[in-house]
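Below is one structure, written out as structure tokens; the observations come after it.
The values are calculated or read from the model by the stated rules, or taken from the named source; none is laboratory data. Owing to the predicted nature of the structure, the values given are computational and were not obtained by experimental measurement. With ideal geometry, Cβ positions are generated from the backbone for all residues, glycine too; neighbour counts draw on all protein chains shown.
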Amino acid sequence: LNYAFSGYATTIFEVMSKLAAEHKSVNLGQGFPDQEGPESMKEIASKALYEQSNQYPSLLGVPQLRQAVARHSEANQGLPCDWASETLITVGATEGIAAAFMGLVNPGDEVVVFEPMYDSYAGMAQQVGAKLVPVQLQPPNWDIPRQQLEAAFSDKTKFILVNTPHNPTGKVFTREELQFIADLCTRHNTYALADEVYEHLVFEPHQHLSLRALPGMAERTIRLGSAGKTFSFTAWKVGWMTGPAQLLAPIIKAHQFLVFTVASNLQHAVAYGLDEADWFYRGLGLELQAKRQQLQPRLEALGLSVLPAQGTYFLTADMSSMLKPGEDDVALCKRLTVEAGVTLIPLSAFYASDARPHNLVRFCFCKEDSKLDAACEKLAAYI
Ligand code: PMP
Ligand code: GLN
């Protein structure tokens with residue numbers, strides 16, 4: 001028997017979380033918050049198990065959640081949606097991304113992405129035979145190299161994938177940057193996939209603007225959201241998509257054979273959350289901003305250089321001062337887990353191109369202050 005199949009490497013999040021558990025390190029790697037979402041949503045989720053049907057909901061999702069998603073889209077981005085034809089509930093945004101690649105791409109189609117990028121994009125592109133065309137955001141501000149982005153579009157481009165607020169950099173794309181992207185989409189008549197799972201995790205005075213909200217983009221953009229990020233319930237794996245019915249249709253076809261549908265009690269709880277527990281996600285940006293403001297000077301005091309960001313719960317830092325000769329970011333993150341007792345994520349894991357930085361790492365800071373303190377103390381003692 002030959003057991004060599006897809007050739008995927010194990011995702012960096014699993015690798016580093018496993019290593020963190022083995023070494024009992026302070027895990028600032030994988031992105032999940034210490035503080036969970038509203039109790040009231042947990043109560044609705046458990047009540048729904050007893051008071052609602054426990055049989056397959058519609059493959060599109062429960063109507064209450066799809067209606068809430070449509071209201072949320074209009075209230076937050078001024079983007080009205082017909083809940084019955086323009087919404088889909090997915091098993092986290094991850095499944096939405098997979099279904100979009102499967103539904104929209106034919107082998108040989110090109111997909112433009114920004115590097116660094118969330119690692120599932122490259123995995124899904126490989127799975128469906130898409131040719132990924134990466135454009136590298138330029139540190140420290142993660143600027144778009146505009147000429148390169150223009151050159152990345154061709155008559156084979158199926159869609160551009162834009163993640164704002166951005167994992168792993170924390171960049172929130174400006175209106176002007178999004179307009180530049182939108183102009184390219186209209187000029188080349190391509191679609192866009194807008195991964196906006198961190199839409200509510202933005203620092204003041206910045207604001208999240210959806211790519212779908214730009215003129216001419218609503219008809220060509222699919223937008224993704226996640227209850228994992230919006231309500232700090234990453235284990236629930238409930239996500240949503242909004243977009244024009246004709247563009248959503250092939251994605252729904254892929255979704256029906258990927259998972260068919262999503263746990264219904266969790267959908268009821270998320271529906272309640274979007275409407276009634278908006279206080280939770282509206283407060284997240286400020287809380288995270290305060291945590292970042294505490295962490296940044298402490299890392300700088302250790303000789304690390306912290307890159308600017310406007311949102312998310314990730315901070316990127318230049319670790320050059322800690323790298324041993326010949327060591328890269330992956331080896332450094334493993335060494336820090338084993339020897340210093342702190343786990344981080346190497347940024348090179350967010351690149352598909354061979355040319356990638358090897359001096360940057362990502363800190364996830366949506367953690368109890370005591371954990372952030374412990375991580376800083378361990379690093380200080382180790383250096
Ligand atoms: N997109 C980005 C940019 C992410 O960071 C993540 C990680 N959570 C996802 C999508 C997937 O979200 P979910 O947990 O809802 O599948
Ligand atoms: N999105 C999370 C992160 O970037 C993790 C998701 C996962 O583990 N697949 O850390």
(request) Hey, can you tell me all the residues within the range 162-180 that are surrounded by 22 or more Cβ atoms within 10 Å (Cβ to Cβ) and either without any contact (Cβ under 8 Å) to a residue 24 or more places away in the chain or out of contact with any Ser or Thr (no Cβ under 8 Å at 6 or more places or on another chain) (or both)? (result) V162, N163, T164
(request) Kindly list the number of the only condition in (1) assigned to a helix (DSSP H, G or I); (2) in contact (Cβ under 8 Å) with a residue 24 or more places away in the chain that fails for Q147. (result) (2)
(message) A93 - would you say it is crowded, with 19+ Cβ neighbours inside 10 Å, in a helix (DSSP H, G or I) and either of a type in the set (K, R) or under 14 Å from the mean Cα position of the chain (by Cα) (or both)?
(response) yes
(request) Could you tell me whether the range 102-109 includes any residue that is within 16 Å of ligand 1 (Cβ to nearest atom) and either buried (at least 23 other Cβ atoms within 10 Å of the Cβ) or closer than 30 Å to F365 by Cα (or both)? (result) no
(message) Criterion first (within 12 Å of ligand 1 (Cβ to nearest atom), touching a residue at least 24 places away in the same chain (Cβ under 8 Å), under 19 Å from the mean Cα position of the chain (by Cα) and not in a helix (DSSP H, G or I)) does M124 satisfy it?
(response) no
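When the range 147-172 is examined, which residues are found to be within 22 Å of E196 (Cβ to Cβ) and either more than 22 Å from the chain's Cα centre (by Cα) or more than 16 Å from ligand 2 (Cβ to nearest atom) (or both)? Please lay out each step first, then the result.
Within the range 147-172, the subset within 22 Å of E196 (Cβ to Cβ) is 149, 152-153, 157-172.
L149, A152, F153, T157, K158, F159, I160, V162, V172, listed by residue number.
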(request) Tell me which residues, restricted to the range 321-363, are within 15 Å of ligand 2 (Cβ to nearest atom), part of a strand (DSSP E or B) and touching a residue at least 60 places away in the same chain (Cβ under 8 Å). (result) T343, I345, P346, L360, R362, F363
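Taking the criterion of being within 16 Å of ligand 2 (Cβ to nearest atom) and touching a residue at least 12 places away in the same chain (Cβ under 8 Å), would at least one residue in the range 42-63 satisfy it? Give the steps one after another, and end with the answer.
Here is the first cut: in the range 42-63, the residues within 16 Å of ligand 2 (Cβ to nearest atom) are none.
No; the residues of the range 42-63 include none that is within 16 Å of ligand 2 (Cβ to nearest atom) and touching a residue at least 12 places away in the same chain (Cβ under 8 Å).
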(request) Among the residues of the range 331-383, count how many are closer than 15 Å to P168 by Cα and either aromatic (F, W, Y) or assigned by TED's automatic domain parsing to the domain that holds V135 (or both). (result) 4
(message) Pull out all pairs, ordered by first then second residue, where Cβ-Cβ is under 7 Å, the residues are six or more apart or on different chains, the first lies in the range 94-120 and is in the same structural domain as V133 (by TED's automatic domain parsing) and among the charged types (D, E, K, R), and the second is within 13 Å of ligand 1 (Cβ to nearest atom) and assigned to a loop (DSSP other than H, G, I, E, B).
(response) E95/V259; D119/T11
(message) Among (1) of a type in the set (A, V, I, L, M); (2) touching a Lys or Arg at 6+ places or on another chain (Cβ under 7 Å); (3) not in a strand (DSSP E or B), there is one condition V111 misses while meeting the rest; what is its number?
(response) (3)
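Condition first: of a type in the set (D, E) and outside any loop (DSSP other than H, G, I, E, B). Now tell me which residues in the range 180-196 satisfy that. Explain how you work it out, then say what you get.
Within the range 180-196, the subset of a type in the set (D, E) is 183, 195-196.
Within the range 180-196, D183, D195 meet the criteria.
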(message) Of everything in the range 152-210, what is of a type in the set (S, T, N, Q), more than 11 Å from ligand 1 (Cβ to nearest atom) and under 23 Å from V105 (Cβ atoms)? Give them in sequence order.
(response) S154, T157, T186, N189, T190, S210
(request) Take the range 42-76 and flag every residue that is over 19 Å from W236 (Cβ atoms) and crowded, with 20+ Cβ neighbours inside 10 Å. (result) A70, S73
